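The values are calculated or read from the model by the stated rules, or taken from the named source; none is laboratory data. Computed from a predicted model, the values in this text were never measured in an experiment. Cβ placement follows ideal geometry from the backbone for every residue including glycine, while neighbour counts extend to all protein chains displayed.
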Amino acid sequence: MKVYEFNVKTKLPDKLRPLEQIAHNLWYSWNWEARELFRMINMELWEQCEHNPVWVLSKLTDKDFRRLVGDPVFMNVMDNVHERLNEYKMLPKWFDLAHGGKREEGMQIAYFSAEYGIHESVKLYSGGLGVLSGDHCKSASDIGIPFIAVGLLYRNGYFHQYLNSDGWQQQSIPYNDFHRMPVTPVKDANGNEIYVQVRIAESDVNVKVWKLEIGVITLYLLDTDLTTNIPQHRSITAQLYGGDSDMRLKQEIILGIAGVRALKAMGFRPTVYHLNEGHPSFAALERIRLCVEEGMNLRTAAEVVKKSTLFTTHTPVPAGFDVFSFDQIKKYLGPIFEPSGFNINQIMGFGRENPFNESESFAMAIAGIRLSTFRNGVSALHGEVSRQMFKNLWSNALDNYVPIGHVTNGVHLPTFIAESFKMIYTRYLSEAWYYKPYDFDVWNDVEKIPDNAFFDAKRKQRERLVIFARERLKKQVMKRGGTASEIAKADDVLNSDTLTIGFARRFATYKRGYLLFMDEERLAKILNNPERPVQIIIAGKAHPKDDGGKEIIKKIFHICRKPEFRDKIVFVEDYDIEVARHLAHGVDIWLNTPLRPMEASGTSGMKIAANGGLNLSILDGWWAEGYNGETGWAIGAGEEYDKQDYQDFVESMELYDKLENEIIPLFYNRDKVGIPREWTHMMKQAVKVCAAFFNTSRMVMEYTDKYYVQLHELYKDISFNGFEGASKYLEWKENVISGWDSVEIAESGVQADSIEMGGYVTFEAKIRSPKIDNESLAVYAVVEFDGESGVLKNPKFIALELAEKNGDISTYKAHFRIDNAGKMKVGFAAVPFHKYLKNIFELNLVMWAK
Ligand SMILES: *Cc1c(COP(=O)(O)O)cnc(C)c1O
C-alpha cells in the first residue's frame, strides 16, 4: 500500500495571529501567563499535547477559532501576553548599557552545545548539561548579548522512563514531529531553505538548518533526516547520545563542522566561539580549515581560532570525555580535511595530551582546551579539579595556575521559580528580582517578606506538588496494570503539611541514590513519627546501558512498596524539566549525595533554593560555595575517602543524624500561629544568598565580562589588516619559544630593614635574556605565606618593574607591603609577556630563580 503524507498547516484567522507568534517563541517557557493562554484554549488538549503550544494550535478547528474570537476574556489575555512579549523584545538590556558599542563593532557570540533543555515540550535534552545550555540562552536573551546558539535537531527525544511491575526501568523513545515543534526552516534572502553539506566517509550529507526563537536570541538546529540523504546519514541526528562511538563522532562532525558552515551560509561572522563541553570541538578544526582554504598557514589559522574561542568543561573525570581512535579520525575527518592539505597526524595532535605520541587517541576535550584562549570549569571546586585533570598540558605551571578558570553555574530564575513565590518577590522586592536578578541588593529585601506569607506560599506549592505526585502515581500504577484498589490508594499518599524531601537526579552510581536507604529501619522511624512525619519524593533516570543505576532504582521501587513506606515515599517516573520544576517549587529539603568531587556543579539544588527550599548535601559542586550554615545543611566537611563502603556508612549515618537532630525539629518547631520561625529564617537565607548568585543572568554576565568581551577584542585586534596581528603574534611566539632557554635569573633577593607586618620589602631580580627583549618578559616575585617549606602552592604573583639595564643585565624591582604575619616564602620567575597572552603560564614557559 502506498500512503501519501502531507502536512496540513493550521491557518489561524487574523485576529488569532498573535498566538502563532507566542507559540513560536520559547519565551513562553519562563512566562506563565503565556502558557496559561494555551491552557485556556482547552485544558485537556494542553495536557494531551504535552504542554506544547504549537501542537495545541495544530489541533484547533474552525469551531474553536470562532469560540476563541468570540471570547473577550481570552482575547484580552492574548493581547496582554502578546504585548508583553513585544515589550520584552524592545526593553533596553544590560549588555548595551554595560558594553555599549560592542554590538556595532560586530561582536557576535556563537555558542555550541549538543543539547538544549528549554521546556518539556521541546525534547532536545537529556539532563543537566542541556538544561544549563537552555538557561544560558534564556539569560543571554534577558541581558541582551549578541548571541546565537547552534545545536542538533534530534528526530527522537531522550527516552521516556517507566518502570515495570518489578521496578526495572523500561525506555520508550519519543518521536519529535518537527511540524509540532516551534521550529521553522531558515531561509535565505530569496526565500530558499538553507542547506549545507559535509562529507561523511564516502559521501556528502545534506544538512538542513532550522531555527528556534528564545526571547530575542535564536538557536539554530541542524537536521540530517532528509530524503536526499542515504539512510545511514538520515539517522545521524536521530537520537541524542544514541548509537555507538562512530555515531557519536558523526553527530559531532555535524554539530561542529556543519554548524560552522551553517553560520557562514547564513552570513554570520562570529567574533567569539563558545564550545560548551567537548562535543562541539570540531567547530574549531573547521574554522582552522576555512582559514587555511583562504590562504592562511596552518599555525596562524590555529592561532586565530584559539584567540577567539572559549571552552567550558563540565566533566570531573577523564572517563567522561569523548575519545576517538586514529582510525576513526582518519576515516571520518580525513575526507573533510585532507583535500584542504591537512594530514591526519596534524589533526590528531590537536586532540592529544602529547601531540607526537602516536599511541594517544583524539580527545574532544583536549582539542577544546588546545584551541581556546579561555577555558573554565563550572564551579570553584570543579575549576580546581579541572586544573588537576589537565595539568599535564602545562607541565611547567604551578597547579593552581594551570590556565583553566571557573564560572559557577546558575539557573534561569523565571523558569524555575513558582508563581506563588514570583508574586511575593515582586511585591516585596519589586520587579527588579526579575529584571536584575544579578543585583545582590535587590535580594536583601527578602528579609521584608512576612514569615507567614512566605511559609504559606511554600505550603501552597507543597500541596501542588503532592497533587502532581498523586496524579503521576495513579497513571504509573494504571500503566503497570495495577488493581483498582491500588489505583485508588494513589489518592492517599503524601500529605501537604508534611516535611517533604526531594531527591531527583540521574541514577549514576556516583550520585549514590541508595545512601538514604542504608538503614531502612531507622528511615522508617523517621518517616512514620506521628508528630513529626517526613515524606520523600524521588525521581530520576538511569542511563539505558547502566544496569548498576537501574538496580538502584529497582531497589528504591521495592522499598516504596513496603507497608511502612507506601504512603511516605513516591517514585515519580520520567524525570524531566516538568518534574524538576514541580519538585523545585514544592520540596522543603533537597537531598544530594554525590561522591565528592564527582559533581562538577549540579544545578537542581539552586532551583530549590530559589523557591525557599533548603539543601542537604555533600559539599560538592556548587554547594561547596552555596552552603554558609544558614542556607541549608552539609553532609561531611568536604572529605574525600579511599574506602567507599566506609564513606557510605559514615555519610549515611550523618544524614540520618542531621535529619533527626536538626532538620525535623526545626521544621516542626512552630510558634503560636503555626510558623516555624527559625526554619523560615533559613528559607529566606537560601533565597537571599543562593538566588542572588546562582542564577544564569549573573553567570552569563560573568562569561561576558571575563571572556566574551575580551575574546571579541582579541579577535578584532588579530584580524585587523588581513590578520596581521595574528601573524605577528605567531612570529613573536616562535621567537620566544626558540630563545627561551637563554633566559636566566642571574641574581635575585629580598631587601628589608625589618620584616614585620605593615613593613615594606624590596624584591629585586637581575635577568639575562640575550635572545628576548624586555618588552617580551614579565618578571614576578612569587609570594606565599605559610604552608610547606620550600614549595609554592598557591602564591601571589607580584609584578616587578624594569628598573635599569646595564649591558646584558636587566634589573627588575618592586616594593611590597607585607600584610600578613607568618612564614613568608618568596620565589622569582620570568615568563613571556605579550598583550595577547591571557594567562601567566599560557605558553608553558617559565624560568625560576635557581
Ligand atoms: C536542573 C535539572 C537537572 C540538573 O540536575 P543536577 O542533578 O543538579 O545536575 C537535570 N535534569 C533536569 C530535568 C533538570 O531540570
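Data for the structure
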| quantity | calculated |
| --- | --- |
| Unmet criterion (only one of (1) surrounded by fewer than 17 Cβ atoms within 10 Å (Cβ to Cβ); (2) in contact (Cβ under 8 Å) with a residue 40 or more places away in the chain; (3) not acidic (Asp, Glu)) for Ile840 | (1) |
| Region 118-147 residues that are more than 16 Å from Tyr575 (Cα to Cα), paired with ones that are aromatic (Phe, Trp, Tyr) and within 11 Å of the ligand (Cβ to nearest atom) (beta carbon under 9 Å, 6 or more apart) | Ser133/Tyr125; Gly134/Tyr125; Asp135/Phe416 |
| Of all residues making up region 499-525, the number that are within 22 Å of Glu578 (Cα to Cα) and of a type outside the set (A, V, I, L, M) | 8 |
| Among (1) surrounded by fewer than 18 Cβ atoms within 10 Å (Cβ to Cβ); (2) assigned to a helix (DSSP H, G or I); (3) assigned by TED's automatic domain parsing to the domain that holds Gly612 - the single one Cys690 does not satisfy | (1) |
| Hey, Phe454 touching a Gly at 6+ places or on another chain (Cβ under 8 Å) and either within 16 Å of the ligand (Cβ to nearest atom) or not assigned by TED's automatic domain parsing to the domain that holds Asp574 (or both) or not | no |
| Number of the condition not met by Asp445 [criteria: (1) touching a Leu at 6+ places or on another chain (Cβ under 6 Å); (2) charged (D, E, K, R); (3) under 30 Å from Phe649 (Cβ atoms)] | (3) |
| Odd one out for Met757 among (1) farther than 22 Å from Leu398 by Cβ; (2) not basic (Lys, Arg); (3) not in a loop (DSSP other than H, G, I, E, B) | (3) |
| Any hit, region 582-599, residues being in the same structural domain as Gln647 (by TED's automatic domain parsing) and within 23 Å of Asn164 (Cβ to Cβ) | no |
| Selection count, region 775-787, where residues are surrounded by 14 or more Cβ atoms within 10 Å (Cβ to Cβ) and closer than 29 Å to His834 by Cβ | 9 |
| Subset of region 610-621 [on the phi > 0 side of the Ramachandran plot and within 11 Å of the ligand (Cβ to nearest atom)] | Gly621 |
| Test result for Ser308, in contact with an Asp or Glu (Cβ under 6 Å, 6 or more places away or on another chain), within 27 Å of Val196 (Cβ to Cβ) and in contact (Cβ under 8 Å) with a residue 24 or more places away in the chain | no |
| Criterion (under 28 Å from the mean Cα position of the chain (by Cα) and within 16 Å of the ligand (Cβ to nearest atom)) met by exactly one of Ala624, Ala637 | Ala624 |
| Answer residue from region 379-408, given it is among the polar types (S, T, N, Q) and over 21 Å from Ala319 (Cβ atoms) and is surrounded by the most Cβ atoms within 10 Å (Cβ to Cβ) among those | Thr408 |
| Candidates Asn164, Asn176, Asn156 - the one that is away from the ligand (no atom under 16 Å from the Cβ), closer than 27 Å to Arg506 by Cβ and touching a Pro at 6+ places or on another chain (Cβ under 8 Å) | Asn156 |
| Helices (runs of 4 or more DSSP H) fully within region 53-143 counting 2 or more residues that are within 16 Å of the ligand (Cβ to nearest atom) | 128-143 |
| All positions within region 816-827 that are loosely packed, with under 14 Cβ neighbours inside 10 Å and modelled with pLDDT of 95 or more | none |
| Residue in region 425-433 that is touching an Asp or Glu at 6+ places or on another chain (Cβ under 8 Å) and among the aromatic types (Phe, Trp, Tyr) present | yes |
| Residue in region 400-409 that is β-branched (Val, Ile, Thr), in a loop (DSSP other than H, G, I, E, B) and touching a strand residue (DSSP E or B) at 6+ places or on another chain (Cβ under 6 Å) present | yes |
| Given (1) surrounded by 20 or more Cβ atoms within 10 Å (Cβ to Cβ); (2) farther than 30 Å from Val570 by Cβ; (3) acidic (Asp, Glu), index of the condition Asp204 fails | (1) |
| In region 132-147, the residues that are among the hydroxyl-bearing types (Ser, Thr, Tyr) and closer than 21 Å to Ser601 by Cβ | Ser133, Ser139 |
| Inter-residue pairs, beta-carbon under 7 Å, first surrounded by 14 or more Cβ atoms within 10 Å (Cβ to Cβ) and in region 161-183, second acidic (Asp, Glu), 6+ apart | Gln161/Glu573; Gln161/Asp574; Tyr162/Glu573; Tyr162/Asp574; Leu163/Glu573 |
| Residues satisfying the stated conditions in region 301-355, i.e. outside any helix (DSSP H, G or I), polar (S, T, N, Q) and in contact with a Lys or Arg (Cβ under 9 Å, 6 or more places away or on another chain) | Ser308, Thr309, Thr312, Thr313 |
| Qualifying residue in region 411-419 (condition: part of a helix (DSSP H, G or I) and surrounded by fewer than 18 Cβ atoms within 10 Å (Cβ to Cβ)) | yes |
| Test for Gly405: is it away from the ligand (no atom under 16 Å from the Cβ), touching a residue at least 40 places away in the same chain (Cβ under 8 Å) and on the phi > 0 side of the Ramachandran plot | no |
| Residue within region 489-511 that is aliphatic (A, V, I, L, M) and over 34 Å from the mean Cα position of the chain (by Cα) present | yes |
| Enumerated helices (runs of 4 or more DSSP H) restricted to region 506-609, each holding at least 3 residues that are within 16 Å of the ligand (Cβ to nearest atom) | 547-561, 577-586 |
| Residues being at pLDDT below 95 and either closer than 15 Å to Thr500 by Cα or charged (D, E, K, R) (or both) - total across region 517-546 | 2 |
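The rows are residues; the columns are (1) assigned by TED's automatic domain parsing to the domain that holds Phe454; (2) of a type in the set (A, V, I, L, M); (3) in a loop (DSSP other than H, G, I, E, B); (4) farther than 24 Å from Gly377 by Cβ.
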| position | (1), (2), (3), (4) |
| --- | --- |
| Asn628 | yes, no, yes, no |
| Trp633 | yes, no, no, yes |
| Gly638 | yes, no, yes, no |
| Leu655 | yes, yes, no, yes |
| Ile663 | yes, yes, no, yes |
| Ile675 | yes, yes, yes, yes |
| Glu678 | yes, no, no, yes |
| Met683 | yes, yes, no, yes |
| Met699 | no, yes, no, no |
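Yes/no per residue for (1) farther than 26 Å from Phe723 by Cα; (2) in contact with a His (Cβ under 8 Å, 6 or more places away or on another chain); (3) without any contact (Cβ under 8 Å) to a residue 24 or more places away in the chain:
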position	(1), (2), (3)
Val304	no, no, no
Pro316	yes, yes, no
Lys330	yes, no, yes
Leu333	yes, no, no
Ile336	no, no, no
Glu353	yes, no, no
Ala367	no, no, no
Ser379	yes, yes, no
